[in-house]
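Accompanying notes for the structure given below.
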Amino acid sequence: MTKIDTSRPQTVLPTPSHTVGPFYGHALPFPGGGDIAPLGHPDAITLQGYVYDGEGAPLPDAFLELWGADPEGELAQADGSMRRDPASGGFLGRNGVEFTGWGRVQTDADGHWSARTLRPGARGRNAPYVSVCVFARGLLVHLFTRIYLPGDEAALAADPLLRQVDPARRDTLIATRDRSGAYRFDIRLQGEGETVFLEFQ
Amino acid sequence: MTLTQADIDREIAAEHAAYEKRRADGAPVEHQPRRDYAPYRSSVLRHPKQPPVTIDVSKDPELVELASPAFGERDVTEIDNDLTRQHHGEPIGERITVSGRVLDRDGRPVRGQLVEIWQANSAGRYAHRREQHDAPLDPNFTGVGRTLTDDSGFYRFTTVQPGPYPWRQHLNAWRPAHIHFSLFGTAFTQRLVTQMYFPSDPLFPYDPIIQSVTDDAARQRLVATYDHSLSVPEFSMGYHWDIVLDGPRATWIEEGR
C-alpha cells in the first residue's frame with residue numbers, strides 16, 4: 001500500500017495528515033526562524049500575536065510558518081532559511097542579505113509569537129498579504145490563514161478573498177498596528193472571534 | 001472518572017461507523033482526518049467550528065500559496081539523513097533504512113524539496129525536555145533528521161527503530177511506533193506534516209491518532225512496507241514509504257516538465 005503506483009490516477013491518493021504532537025520542539029524550530037527580513041532593510045516589518053484555543057487559553061505548543069512576497073510582490077526563490085554549519089552540524093542562521101520569504105516561529109510559554117519580515121507587495125488583484133500555516137498539538141490537519149496589513153483600504157476592499165468573507169469575520173484576517181509600529185495578528189482556533197481559515201481547491 | 005481504553009475504543013468505533021454511514025449515504029471518501037475527531041482529546045478546543053473559506057486556485061495564478069519556499073544544499077549537512085551518526089557513539093536499537101518518493105497528486109516527483117523527520121529513541125523516549133516518560137534517554141541519539149529529495153523525488157534516512165510509548169491521554173494509552181515527517185511541495189498549499197508507522201503494529205486499533213483517519217485505505221497509506229531490497233547487508237532493515245502531497249499546485253508553471 002505504501003508503494004504508490006503512479007501509472008493510474010486512481011492509485012495516486014493523498015497521504016493523510018497527522019498532528020505535529022507535543023515533541024517537535026527539538027526538531028523543527030531553528031535559530032533565526034522568524035528573522036526573515038534582511039538586516040537593516042528599510043521595508044522590514046514586525047509581526048506578532050498570540051494563538052488561542054476555544055476557551056481563550058494561549059497555546060504554548062504551536063508554531064507558525066510565514067510565507068510572503070517581497071516588497072515588489074515577487075516570490076523569493078532563494079534557499080538558505082536554515083543555513084547549516086557543516087563543521088559543527090549546527091545552524092549558521094540566515095546570511096542577513098538574501099530574502100527567502102519563509103520563516104518558522106513557535107509560540108512561547110505565553111502563547112506569543114513574533115517575526116520580522118519584509119512588507120509584502122501586491123500580486124495581481126490581491127491586496128498584499130503574508131500566507132500563514134498553523135501547526136499545533138491537537139491539530140490533526142494544519143490550518144492556512146492570511147495576514148493582511150491595514151492602511152490601504154482601497155486595496156483591501158478590492159481583494160478577492162476579503163470580498164468573499166463574511167463581513168463580520170473579515171477583520172480576523174487584518175492585522176492591527178500597535179503603538180510600537182509592530183503589526184498584531186492573533187489567531188483564535190475556535191469560538192468567539194474565530195480566525196478565518198482557508199481551503200485551497 | 002478515569003478515562004479508560006474501553007471508553008476510547010467505543011468512541012473510535014462510533015466515529016468509524018459514522019464515516020461508513022456517510023459513505024453509504026453517498027458522501028465522498030475522506031482522505032484526511034476531521035479536525036474535530038474527539039477520541040483524540042487535544043483536538044476538542046483546537047479545531048475551528050466555522051467551515052473554511054474555499055479559494056479556487058485555478059482562478060488566480062498570482063496566489064502566494066501557489067509557490068513554495070526553497071531549500072538547498074546550504075540548509076542540510078551531509079549526514080543529516082543519518083540519525084545514527086550525529087554523536088560520538090552509536091545509538092542503541094535496531095538500525096533501519098527508510099526510503100521512498102515524495103509525489104504530487106498527479107504522481108509527479110517533488111524534486112529538491114526539504115523532508116524533515118523526528119522520532120523517539122529505541123526505548124520510546126524523545127530527546128525533548130518536556131517528555132516525562134521514564135524510559136532511558138540515549139546520549140547517542142537525538143532523533144532529528146533532514147534531507148532534500150533527489151531528481152526522482154526519493155528521500156532516504158538511516159535511523160533506529162523507534163519504540164512505542166505511553167502518553168497519558170487515557171489510562172494505558174500507548175502510541176504505536178512512528179516517525180514524524182514534515183514535507184514541502186512545489187506549492188505552499190501542499191505542505192504536509194504526518195507520521196509514518198510500521199507494518200502490523202498491534203497498537204493500531206487502540207490509538208486514536210492513527211484512527212483519526214477513519215477511511216481504512218487512507219489509514220493504510222500511513223504504514224510503511226518492509227522492503228528487503230532496501231535492507232542493507234550486515235547493517236539495517238529496510239522500509240519503503242511513498243508520500244503523496246495533497247493540495248492543488250500551479251499546473252501552468254509545470255507544463256512541459
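Computed from the coordinates by the stated procedures, all read-outs in this text should not be read as laboratory data. For clarity, every value in this text was computed on a predicted model and none was experimentally measured. Here the Cβ positions follow ideal geometry from the backbone for every residue, glycine too, while neighbour counts run over all protein chains shown.
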*asked:* Give the separation of the Cα centroids, the stretch B:204-228 to the stretch B:1-76, in Å.
replied: 15
_For the stretch B:1-135, take the convex hull of the Cα atoms, compute a quarter of its surface area, and give me that in nm², please._
14.7
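As a test of the formula, what do you get for the protein assembly as shown when each DSSP H run with n ≥ 4 contributes -39,500 (n - 2.57) and the sum is divided by the residue count, at 222 nm and rounded to the nearest 500 deg cm²/dmol?
Details: 5 runs with 40 residues, N = 458.
After summing the helix terms and dividing by the residues of the protein assembly as shown, the value is -2500 deg cm²/dmol.
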*Quick one: P(r) of chain A from all Cα-Cα pairs, 10 Å bins, percents rounded to integers, in order of increasing distance.*
8, 31, 34, 20, 6, 0
*So what is the diffusion coefficient of chain B in µm² per second by Stokes-Einstein at 25 °C and 0.890 mPa s, using a Kirkwood Rh over Cα pairs?*
122
*asked:* Neighbour counts of other C-beta atoms within 10 Å: give me B:193, B:102, B:115 arranged from fewest to most.
replied: B:193, B:115, B:102
*the stretch A:97-102 - phi-based ³J(HN,Hα) in whole Hz, Karplus 6.51/-1.76/1.60, Gly and Pro as x*: 10, 7, 9, 8, x, 10
_³J(HN,Hα) computed for each position of the stretch A:53-68 - Karplus, 6.51 cos²θ - 1.76 cosθ + 1.60, integer Hz, glycine/proline x_ = 8, x, 9, x, 7, x, 8, x, 10, 10, 9, 10, 10, 10, 8, x
_Sequence-distant lysines (8 or more away, or on other chains) whose Cα lies within less than 20 Å of residue A:3_ = none
_Which residue, B:167, B:126, B:152, has the largest displacement toward the positive end of the dipole of chain B when charges sit on each Cβ (Lys, Arg +1; Asp, Glu -1)?_
B:167
_Principal axis extents for the protein assembly as shown, Cα atoms only, whole Å, descending order, please._
63, 55, 48
*asked:* Need the list of lysines near residue B:59 for cross-linking: C-alpha distance under 17 angstrom, and skip anything on the same chain fewer than eight residues off.
replied: none
*Most exposed first by the Cβ proxy, i.e. fewest other Cβ within 10 Å, how do A:188, B:101 rank?*
A:188, B:101
*Computed Rg/Rh of the stretch B:66-201, alpha carbon atoms with Kirkwood Rh*: 1.00
_Amide H contacts of residue B:100 (H built 1.01 Å from N, under 5 Å, at least 5 apart or other chain)_ = B:155, B:241
*asked:* Output wanted: per-residue J couplings in Hz (rounded whole) for the stretch A:21-37, from phi through Karplus 6.51 cos²θ - 1.76 cosθ + 1.60, θ = phi - 60°, x for Gly and Pro.
replied: x, x, 10, 8, x, 9, 10, 8, x, 9, x, x, x, x, 8, 6, 6
